[in-house]
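Remarks on the structure that follows.
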Amino acid sequence: MVVYVDKNFSPACLLVLLLFVVSSYAKFSTMVTTDEIRTLCTKAGVKSSLCFEVLKATPEIAKLDFSGLAKYLINYHAQNISDTLKQFKLSGGYIPDIDSEYRLCKELYKDALDKCPYALKYLAAKDYYNFKFMVAQTMGDMNNCIYDELSTMKPVPQFFITKTNDIQEIGYFIIVFVDCFILNEPIDCGNSRDL
Ligand SMILES: *[C@@H]1O[C@H](CO)[C@@H](O)[C@H](O)[C@H]1NC(C)=O
């Protein structure tokens with residue numbers, strides 16, 4: 001059997017091979033590594049313990065690329081917001097009274113929860129500006145819940161303050177994650193809390 005090899009075949013073949021290698025390398029390199037998670041979780045302003053807890057190595061996280069992880073984090077964020085909203089409703093009583101306990105926080109949590117599907121939509125569209133804007137809104141809602149309601153209550157509901165603060169922190173490192181690993185904006189990469 002004679003295999004005819006054209007002179008022009010070789011470079012073309014090499015090119016195909018090269019493209020294959022480059023694309024598989026690119027694919028491989030976009031998976032989030034434990035080093036990258038450590039980088040994120042030890043950035044200035046990021047609450048490390050919480051970040052490591054949320055991103056603790058699981059087979060699920062190991063399979064994610066950057067946008068997959070951003071999506072995972074938004075779903076996690078939404079779940080936390082929804083769980084805590086339920087707890088507010090339970091401890092605030094069942095009477096749908098306008099002056100019921102945690103009225104403001106319940107509204108703010110509802111608002112924050114409503115932002116999550118939009119965040120996912122913007123993420124899918126690679127519209128990171130609006131994605132970050134949506135996440136920043138959830139952080140603002142958490143902040144207002146603490147300062148305008150929880151911290152004015154007597155006694156101060158420490159449980160809810162801690163939860164709300166943690167949810168705000170999760171929002172913050174979602175933004176840092178996008179800045180550092182998707183947008184590669186070293187200036188905004190966790191060095192400042194100004195959004
Ligand atoms: C967020 O949800 C996870 C998983 O359900 C839970 O372990 C964690 O305590 C929650 N965090 C907050 C701040 O609610």
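So the label point goes 7 Å from the Cα of Tyr76 along Cα→C-beta, right? Which residues of the range 129-169 then have their backbone N under 14 Å from it?
Zone members listed by number: 166-169.
Please get the size of the charge dipole for the range 30-182, origin at its Cα centre, with Cβ charges of +1 on Lys and Arg and -1 on Asp and Glu, quoted in debye to the nearest 20.
240
Cut-off under 29 Å on the C-alpha distance; same-chain residues fewer than 8 positions from Lys154 excluded. Which lysines are left, in chain and number order?
Reachable lysines: Lys47, Lys86, Lys89, Lys106, Lys110, Lys163.
Among Glu36, Glu60, what's the order by accessible area (1.4 angstrom probe), most exposed first?
Final ranking, largest accessible area leading: Glu60, Glu36.
With every protein chain present, what accessible area does Asp111 have (1.4 Å probe, heavy atoms only), rounded to the nearest 10 Å²?
Accessible surface of Asp111 is approximately 50 Å².
I need the calculated FRET efficiency for the pair Phe52 and Leu104, taking r as the beta carbon distance and R₀ as 30 Å, to the nearest 0.05.
Efficiency computed from Cβ-Cβ geometry: 0.40.
May I ask you to evaluate 6.51 cos²θ - 1.76 cosθ + 1.60, the Karplus curve with θ = phi - 60°, for each residue of the range 69-74 and list the ³J(HN,Hα) values in order in whole Hz, giving x for glycine and proline?
Values, residue by residue: 6, 4, 5, 4, 5, 5 Hz.
Which ³J(HN,Hα) values, rounded to whole Hz and listed in residue order, are derived for the range 115-125 from phi using the Karplus coefficients 6.51, -1.76 and 1.60 in 6.51 cos²θ - 1.76 cosθ + 1.60 with θ = phi - 60°, glycine and proline given as x?
In residue order, the calculated couplings are 6, 5, x, 5, 4, 5, 5, 5, 4, 4, 8 Hz.
How much of Arg103 can a 1.4 Å solvent probe reach, expressed as accessible area in Å² and rounded to 10?
Probe radius 1.4 Å; accessible area of Arg103 about 90 Å².
The values are calculated or read from the model by the stated rules, or taken from the named source; none is laboratory data. No experiment lies behind these values; they were computed from the predicted model shown. Cβ coordinates were reconstructed from backbone atoms using ideal geometry, including for glycine residues, and neighbour counts include every protein chain displayed. Heads up: the accessible areas ignore ligands, DNA and RNA and are worked out on the full protein's heavy atoms, side chains in. Shrake-Rupley method; radii C 1.70, N 1.55, O 1.52, S 1.80 Å.
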